[in-house]
1. Can you pull out every residue in segment 318-338 that is more than 30 Å from Val234 (Cα to Cα) and surrounded by 14 or more Cβ atoms within 10 Å (Cβ to Cβ)?
2. When the residues of segment 103-116 are filtered to those that are assigned to a loop (DSSP other than H, G, I, E, B) and out of contact with any Leu (no Cβ under 9 Å at 6 or more places or on another chain), which remaining residue is farthest from Val204 (Cα to Cα)?
3. If you go through segment 86-116 one residue at a time, how many are within 27 Å of Arg160 (Cα to Cα) and crowded, with 22+ Cβ neighbours inside 10 Å?
4. Given the criterion on the phi > 0 side of the Ramachandran plot and modelled with pLDDT of 95 or more, identify the matching residue among Gly96, Gly111.
5. Please determine, by comparing only the residues of segment 30-50 that are open to solvent by 20 Å² or more (accessible area, probe 1.4 Å) and within 16 Å of Val212 (Cβ to Cβ), which one is nearest to the chain's Cα centre (by Cα).
6. Can you run down the residue pairs with Cβ atoms below 7 Å, 6 or more apart or on separate chains, where the first is in segment 155-177 and in contact (Cβ under 8 Å) with a residue 12 or more places away in the chain and over 19 Å from Ser138 (Cα atoms) and the partner is among the aromatic types (Phe, Trp, Tyr) and open to solvent by less than 50 Å² (accessible area, probe 1.4 Å)?
7. Hand me the list of strands (runs of 3 or more DSSP E) wholly inside segment 203-257 holding 1 or more residues that are among the polar types (S, T, N, Q) and open to solvent by less than 40 Å² (accessible area, probe 1.4 Å).
8. Restricted to segment 249-299, and to residues that are at pLDDT below 85 and among the acidic types (Asp, Glu), which residue is nearest to the chain's Cα centre (by Cα)?
Amino acid sequence: MPLSDAPAIDSAQAATAGATPASAAGAADGDHAVAVEVRGLVKRYDGRAVVDGLDLVARQGAVTAVLGPNGAGKTTTIECCEGLRSPDGGTVRVLGRDPVADARALRPRVGVMLQDGGLPTGVRALELLRHVAAMYASPRPVDELAERLGLHGFARTTVRRLSGGQRQRVALAAAVVGRPDVVFLDEPSAGMDPQSRRAVWDLVRELRADGVAIVLTTHLMDEAADLADHVHVVDHGKVIASGSVRELTDGGSGPGSVRIEATPGLDLTPLLTTLNTPLSAEAWVGSESEAGVYTLTGAVDPAALAVVTAWLAERGVLARSVSTGRRTLEDVFLDLTGRNLR
């Protein structure tokens, strides 16, 4: 039965519900290194493909981050993996099974945390978690999990009266209480304070160490950079880049950036021409991101930094600061998907 058809509880709880233990779903499936495999996925709305031939893989014992701007198709992709939507083309396999046709078998083995929580609003927080835990043969100890995520402070408060961050913590607890083999986390730390966020990150690392496959969607680039073993960047319904955070941010060749704060309106063309010699390991690019703030990206080394400071000196420019750094995941994301609002 598709998760969205479950009658007793909301879709987030339906995704984590199940009457049979995980072992009954087939031990052989759990031995595969690939936990989630998406090939040529197509999903259309009103004749328009919001997911258009997308390929994606997530492995057990790893955090796979799926990043993309709003409307890129990442949430629809994850919903197809969760069995909440049926693909119009391509294949989706979770633990070797079809998440729609084999929903009953997968339900005890898959945890889902939806972006909007998907929680019944009239139930008290801890009562809800105990209800979800009772659906599993061998759930995590509820009080221990509640302590980890700080739920006891609002245990008797109904979900509708919780803050956004508190709802997120309850939804995360409901997604992992059944000891799933695969967990889908959609914006897990949205609206959380720094303390709650760190607690969530620690729990995600613990799940990974236990061999759980975690598929994470987030708009927080530092969250993805800190947690993800592998990253897929999605835009216009396709994966446009994949790799580890290090592979995406430096390509294995060590590019970085030079940030200069100086006089506004400097023409960087002569500097870039000097930096881009025939022997340059990386092509240098640069721009004035805001008035008087310049960012140069390329293979940063002492020789390149000397060229930058000499160029400034030749023009009589006394920079307020010159600093070096590596490209961040956010830099890569913006380079790939653009910097304009959509």
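The values are calculated or read from the model by the stated rules, or taken from the named source; none is laboratory data. Treat the numbers as computed from the prediction; the structure is a model and nothing was measured. No Cβ is skipped: glycine too gets one built from the backbone with ideal geometry, and neighbour counts run over all protein chains shown. Areas reflect the complete protein model, heavy atoms only, side chains present, ligands, DNA and RNA absent. Shrake-Rupley method; radii C 1.70, N 1.55, O 1.52, S 1.80 Å.
1. Within segment 318-338, the subset more than 30 Å from Val234 (Cα to Cα) is 318-323.
Listed by number, the residues that qualify are Ala319, Val322.
2. Within segment 103-116, the match that is farthest from Val204 (Cα to Cα) is Asp116.
3. Total meeting the criteria: 7.
4. Unique residue meeting the criteria: Gly96.
5. Selected residue: Val34.
6. Partner pairs satisfying both residue conditions: Leu162/Phe154; Gln166/Phe154.
7. Per the criteria, 213-217.
8. Across segment 249-299, the extreme among qualifying residues is Asp250.
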